[in-house]
Amino acid sequence: MKVPCRIVAEILELLKSEVKPGVTTLVLDEFAERHAAKRGAKPAFKGYNGYPYALCCSLNDQVVHGMPNGRELIEGDILSLDFGVIRDGFYGDAALTLPVGPVSKAAERLIRVTEESLYVAIDAAQPTNRLFDISHAVQSYVEARGFSVVRDFVGHGIGKSLHESPQIPNFGPPGRGVRLKPGMVLAIEPMINEKGPEVKVLADGWTAVTCDKGLSAHFEHTVAITEHGPEILTIQ
Ligand code: MF3
Ligand code: CO
């Protein structure tokens, strides 16, 4: 799984330099697909339950599953990029939120806290801990800083399928759920809202947005549980 995960990480890293005012998310989508092909990988999301693109591009109040389109990015936007590939039968999945040029202090802080909550969650992914220790780590970190946790979407196991058990909520009581064991691989993905936690899916059947139009951020890593602790696979 290190192979597809490294490919995902490399392509997200390349995408970081492509995200700037004037660029459309369709261009980013083509970029991601082309770079996956170069590495012998296929985009994991394209065709998944009929999703038509390689990348999810969720802008501002969009939470997840935003579809690439012809709208140009402008200074002040925040853009979540979610990307996965399959190579040699195994999946990798990761996401990050980027500022487009300078953004508001509130947007900056939301992005920072969401990324930090991912690392706090990964720290909780220790063998001997339980699944909801991860969930609780995200929830307590984020809510203590005044933000809210999206309930309607969750992280997941990953391997020979994109979505495997267990589901990994970003909220819940510590000390509950299955015990984490070396060999498990988890896609941990906090989705965090600036204001309320409520989200709805638009008429396109995919794009999830905040109900109150507040901003939303999303970070994800594919993480292996080893006997020595969590190992992030979606890094270069
Ligand atoms: N990273 C997301 C997930 O883990 C992306 C899924 S988009 C879809 O579920 F199109 F594949 F559904
Ligand atoms: Co995922």
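Looking only at segment 4-24, count every residue that is out of contact with any Lys or Arg (no Cβ under 7 Å at 6 or more places or on another chain) and part of a helix (DSSP H, G or I) and tell me the total. Let's see the steps before the verdict.
Pass one, segment 4-24, residues out of contact with any Lys or Arg (no Cβ under 7 Å at 6 or more places or on another chain): 5-6, 8-23.
Okay, now just the ones that are also part of a helix (DSSP H, G or I), so 5-6, 8-18.
Residues in segment 4-24 being out of contact with any Lys or Arg (no Cβ under 7 Å at 6 or more places or on another chain) and part of a helix (DSSP H, G or I): 13 in total.
The lone criterion from (1) assigned to a loop (DSSP other than H, G, I, E, B); (2) under 21 Å from residue 176 (Cβ atoms) left unmet by residue 146 is number (2).
Which ones in segment 110-127 are without any contact (Cβ under 8 Å) to a residue 24 or more places away in the chain and within 14 Å of residue 145 (Cα to Cα)? Break it down stepwise before answering.
Initial filter on segment 110-127 (without any contact (Cβ under 8 Å) to a residue 24 or more places away in the chain): 112, 119-120, 124.
Within segment 110-127, 112, 120 meet the criteria.
Filtered by the rule that a residue be in contact (Cβ under 8 Å) with a residue 24 or more places away in the chain, in a loop (DSSP other than H, G, I, E, B) and on the phi < 0 side of the Ramachandran plot, segment 25-62 gives 39, 41, 44, 45, 51, 53, 54, 61.
Just to verify a result, which residue in segment 82-99, among those that are among the acidic types (Asp, Glu) and within 10 Å of ligand 1 (Cβ to nearest atom), is farthest from the chain's Cα centre (by Cα)? Step through it out loud before you land on a result.
Residues of segment 82-99 that are among the acidic types (Asp, Glu), as a first pass: 82, 88, 93.
Okay, now just the ones that are also within 10 Å of ligand 1 (Cβ to nearest atom), so 82, 93.
Working: 82: 5, 93: 8 Å.
Checking each candidate, the answer is 93.
Exactly one residue out of 111, 158 is in contact with a strand residue (DSSP E or B) (Cβ under 7 Å, 6 or more places away or on another chain), away from ligand 2 (no atom under 16 Å from the Cβ) and not aromatic (Phe, Trp, Tyr), and it is 111.
Evaluation of residue 23 against the conditions (1) of a type outside the set (D, E, K, R); (2) away from ligand 1 (no atom under 15 Å from the Cβ); (3) open to solvent by less than 10 Å² (accessible area, probe 1.4 Å) shows that the sole unmet condition is (3).
Among the residues of segment 147-156, just one is under 17 Å from residue 132 (Cβ atoms) and surrounded by fewer than 17 Cβ atoms within 10 Å (Cβ to Cβ), namely 151.
The values are calculated or read from the model by the stated rules, or taken from the named source; none is laboratory data. For clarity, every value in this text was computed on a predicted model and none was experimentally measured. Reconstructed Cβ throughout: ideal geometry from the backbone, glycine too, with neighbour counts over all protein chains shown. Accessible surface areas use protein heavy atoms only, side chains included; no ligands, DNA or RNA. Shrake-Rupley method; radii C 1.70, N 1.55, O 1.52, S 1.80 Å.
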